[in-house]
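Take a look at the structure below.
The values are calculated or read from the model by the stated rules, or taken from the named source; none is laboratory data. Here the structure is a predicted model, which is why all the values come from computation and not from measurement. Backbone-built Cβ (ideal geometry, glycine too); neighbour counts: all protein chains shown.
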């Protein structure tokens, strides 16, 4: 690797490399603070805990790149998971149909968000806040606040089956999803249009980009990720509770922002989001290992989000 290539990587991925350095320091500190942190069992535990958030963070990153936000991811995850779980438990058990229903419900919700934000130009914050409240309410009404369980054994394949030295199947699924969307964002016209729409909406429209469609599709993708996250969660736990997805939007936003995605849009990568997902999951895990009161953990995560946004803002001011 030549010096010019190294300089280009350093320049283009400055935020990501900075967070990677912080992540490495955090790991070193925690390896001394707790003898259980760097064990293979705990690492797999962290991966398990972040599995659903990783998928939500893909959709959240793509939405934030357009300058929007999706506060409905937790609600959509919960509603799609619950309806799909009820379908699986109907009759003799229909896992494939249940997963398809999860996808259908989430895509409807994502399209609803996308049309209102992309075509009607309604504020993303208000639209997705309303959607999450609708989804959360429907989740409790449809389920009568009861947990669904007793799924067929075959449904646990994605969440519990392990291959290649005990690595869960869903880890490879997550890697595949990140690889697909990293390729889309970096190598396709659709990906370039997402960045252009987030960087300067008016300029993107004047250049002939169908901005309304691009924004709508970003929320559709976010909805799709919610369904896949619900699939992994219900398959891993072999149950679905109305509380699933509560607060999930905060971890997804944290992962995207910590990974260097700008809240104003047009800047960020899924490489950074991967680091953000692992850092958020590792932070929660570390606080548990250190015996920190669970009520303080939200404060710690909130402080990390604010610091990440502050660092991005300071960096932008320096460039200007």
Inset, instruction - Pull up segment 202-215, narrow it to residues that are assigned to a helix (DSSP H, G or I) and in contact with a helix residue (DSSP H, G or I) (Cβ under 6 Å, 6 or more places away or on another chain), then point me to the one that is surrounded by the fewest Cβ atoms within 10 Å (Cβ to Cβ). - result: 205
Legend entry - Boolean, residue 168 is surrounded by 15 or more Cβ atoms within 10 Å (Cβ to Cβ), touching a residue at least 40 places away in the same chain (Cβ under 8 Å) and touching a strand residue (DSSP E or B) at 6+ places or on another chain (Cβ under 6 Å): yes
Inset, instruction - Look through 74, 68 and report the one residue that is touching a residue at least 24 places away in the same chain (Cβ under 8 Å), under 22 Å from residue 158 (Cα atoms) and surrounded by 24 or more Cβ atoms within 10 Å (Cβ to Cβ). - result: 74
Legend entry - Test set (1) in contact with a helix residue (DSSP H, G or I) (Cβ under 7 Å, 6 or more places away or on another chain); (2) at pLDDT 95 or above - residue 188 fails condition number: (1)
Inset, instruction - State whether the residues of segment 236-247 include one that is in contact with a strand residue (DSSP E or B) (Cβ under 9 Å, 6 or more places away or on another chain) and more than 21 Å from residue 136 (Cα to Cα). - result: yes
Inset, instruction - Evaluate the following for residue 116: is it in a helix (DSSP H, G or I), free of Cβ contacts under 8 Å to residues at least 12 places away in the same chain and over 22 Å from residue 50 (Cβ atoms)? - result: yes
Inset, instruction - Only one of these is in contact (Cβ under 8 Å) with a residue 60 or more places away in the chain and either surrounded by fewer than 16 Cβ atoms within 10 Å (Cβ to Cβ) or in contact with a helix residue (DSSP H, G or I) (Cβ under 7 Å, 6 or more places away or on another chain) (or both): 122, 177. Name it. - result: 177
Inset, instruction - Could you please find all residues in segment 40-92 being in a loop (DSSP other than H, G, I, E, B) and over 16 Å from residue 251 (Cβ atoms)? - result: 66, 67, 68, 89, 90, 91, 92
